[in-house]
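See below for the structure under consideration.
The values are calculated or read from the model by the stated rules, or taken from the named source; none is laboratory data. This one's a predicted model, so the numbers in the text were calculated from it and none came from an experiment. Cβ sites come from the backbone with ideal geometry, for glycine too, and all protein chains shown count toward neighbours. With ligands, DNA and RNA removed, areas are computed over all heavy atoms of the protein, side chains included. Shrake-Rupley method; radii C 1.70, N 1.55, O 1.52, S 1.80 Å.
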Amino acid sequence: MQGCHPVMRSQRWGRIVNISSIGGTYPNPKLFISHVFSAAINNFTKSLALEVAADGILVNAIGCGAIDTDNWANNMVLAIRRARPELASLSDEQVLGKITAEITPVGRAGSPREIAAIAAFLASDRMDL
């Protein structure tokens, strides 16, 4: 952001999109370190947005929740099996299905493609829609 900001300011137009976590707004004590950094990203984003808005620069953060990647699925299953022994007899798919239904309003994890679409919109000049 430091490198791009002067160029954006001179052009009087720019978009900055940070990727954060929903945990920055709704922290989970089991994910303390991650959620502290997410809160810092959110607050930095808000502060910078207020500072540069008059220069035509929009700054946003996407607060991701559960996003379905191989890494997320593998880490989630391991963490859940440690924290909830009553799920030990379930298959990995069943564990993910049960937990995803509990933690997401739509009953499924988001996809990287959905996050990319949000980022592309926020980075575009179509913010007047």
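For every residue, the table says whether it meets (1) open to solvent by less than 60 Å² (accessible area, probe 1.4 Å); (2) modelled with pLDDT under 90.
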| site | (1), (2) |
| --- | --- |
| GLN11 | no, no |
| SER34 | no, yes |
| ALA61 | yes, no |
| ASP70 | no, yes |
| ARG81 | no, yes |
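Out of LYS46, LYS98, LYS30, which single residue is among the charged types (D, E, K, R) and in contact (Cβ under 8 Å) with a residue 40 or more places away in the chain? So that I can check it myself, show each step before the final result.
Numbers: LYS46 fails: in contact (Cβ under 8 Å) with a residue 40 or more places away in the chain; LYS98 fails: in contact (Cβ under 8 Å) with a residue 40 or more places away in the chain.
Within the list LYS46, LYS98, LYS30, the selection yields LYS30.
Out of the residues in segment 16-41 that are of a type in the set (S, T, N, Q) and under 14 Å from MET1 (Cβ atoms), state the one that is farthest from the chain's Cα centre (by Cα). Here the answer is ASN18.
Looking only at residues in segment 13-32 that are aromatic (Phe, Trp, Tyr) and modelled with pLDDT of 85 or more, which one is least open to solvent (accessible area, probe 1.4 Å)?
Quick first cut of segment 13-32, residues aromatic (Phe, Trp, Tyr) only: 13, 26, 32.
Cutting the leftovers down to modelled with pLDDT of 85 or more gives us 13, 26.
Working: TRP13: 108, TYR26: 157 Å².
Ranking the candidates gives TRP13 first.
Among the conditions (1) without any contact (Cβ under 8 Å) to a residue 24 or more places away in the chain; (2) over 16 Å from ARG15 (Cβ atoms); (3) within 18 Å of the chain's Cα centre (by Cα), ALA116 misses just one, which is (2).
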